[in-house]
């Protein structure tokens, strides 16, 4: 196995984002493939979703809605150890997300004039949980908990139908939904699931927004239907970047790179380091750890791909410039005084500080959310949170006297923008007019 190296010691290139390793994800090309799928669901509803499920997932389903007894059975039959772990994951996630709730704030602008910012949850959300190479009950937790803590009144989870489970999503997915009190679950994946939430079907009412990671076709459907339905992000392949110096343990670094490469052959794993010695040690460590894992072929392809690599830099300062340009979904800091270095990071979906906060902890049990921006979007976007499901609405309340104090300014500004009716709407409430320039 060969992981590529990029030597940036000496000076950093001006176009850092263009030269750093990154997975290719052509969402635009996928748009044309998902467009007819979404149109089919728009016009034929549940029948189209069922037929598309048979075509893409190879399983016939009688309905997308998962029966209540299937949810109950999945929870009864769940391994007690998995149940305990999920319950602890839910508990920790609730602690963090509950503190994200927003309070309404009223500002007195002038006597008798106030603006209140109210925070209102969206009415209904569709939560997408992937199902393919792996089973992701953790994604059920990460999607559902912030939506519930935001006060969303109607939640529906969807996950691809599994042939080996009689056309239902994986039982662990169903059990996680049952643990969280979600009783509306659908067997649908891919672009057709996003379209199901966007347009609604006989079995699934339309949602206000859809959240959750998925493959390129899910991302393309989100892009296509954005506006018809709100979205969290167009999630791409998972990423880990590690900023490390000579104090880092190569065993830890190699293990953490492998942990994210395990997700997919196009997962990205990037080490940015000031230490050529650490780079050599990690390269020597990787083959042994990879060969010992169940998914060694998948991991090898991911680590050898163009999206992964080791970047050598002259200093931690240069390393910070590199990781800020990369804007990783997950960023680990393995340096001396890691907390201080982490505090200087500007762009990352989530930051993991020091040797005892690996990304794996964040994936399951840190309490943080693992639905995070990918593809460099962390420079302008945030991960999923309670805020994702809230809308800020300004409520303006002015008395007659307070409006009178603003009336002349409003009228002047309206005329300056050549919108005289705006000023007239103010003057209609009073028996006066703004003097003209000649008066």
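Residue 311: more than 23 Å from residue 130 (Cα to Cα), assigned by TED's automatic domain parsing to the domain that holds residue 252, part of a helix (DSSP H, G or I) and modelled with pLDDT of 95 or more, yes or no?
no
Anything in region 152-167 that is more than 15 Å from residue 134 (Cα to Cα) and surrounded by fewer than 24 Cβ atoms within 10 Å (Cβ to Cβ)? List them, or say none.
Once the filter is applied, which keeps residues that are more than 15 Å from residue 134 (Cα to Cα) and surrounded by fewer than 24 Cβ atoms within 10 Å (Cβ to Cβ), region 152-167 yields 152, 153, 154, 155, 156, 166, 167.
Restricting attention to helices (runs of 4 or more DSSP H) lying wholly within region 178-278, give those where 1 or more residues are touching a residue at least 40 places away in the same chain (Cβ under 8 Å) and closer than 25 Å to residue 341 by Cα.
250-261
Against the definition (assigned by TED's automatic domain parsing to the domain that holds residue 171, surrounded by fewer than 20 Cβ atoms within 10 Å (Cβ to Cβ) and in contact with a strand residue (DSSP E or B) (Cβ under 7 Å, 6 or more places away or on another chain)), how does residue 70 come out, yes or no?
In short, yes.
For region 104-154, give me each residue that is over 17 Å from the mean Cα position of the chain (by Cα), under 30 Å from residue 57 (Cα atoms) and assigned to a strand (DSSP E or B).
Answer for region 104-154, where residues must be over 17 Å from the mean Cα position of the chain (by Cα), under 30 Å from residue 57 (Cα atoms) and assigned to a strand (DSSP E or B): 124, 135, 154.
Out of everything in region 372-398 that is in a loop (DSSP other than H, G, I, E, B) and touching a strand residue (DSSP E or B) at 6+ places or on another chain (Cβ under 7 Å), what residue ends up being farthest from residue 106 (Cα to Cα)?
Among them, the one singled out is 374.
Looking at (1) modelled with pLDDT of 95 or more; (2) crowded, with 22+ Cβ neighbours inside 10 Å, which one does residue 95 not meet, given that it meets all the others?
(2)
Is region 405-427 home to any residue that is surrounded by fewer than 18 Cβ atoms within 10 Å (Cβ to Cβ), in contact with a strand residue (DSSP E or B) (Cβ under 8 Å, 6 or more places away or on another chain) and closer than 30 Å to residue 115 by Cα?
yes
The values are calculated or read from the model by the stated rules, or taken from the named source; none is laboratory data. If you're wondering where the values come from, they're calculated on a predicted model, not measured in any experiment. As a convention, Cβ positions derive from the backbone with ideal geometry for all residues, glycine included, and neighbour counts pool all protein chains shown.
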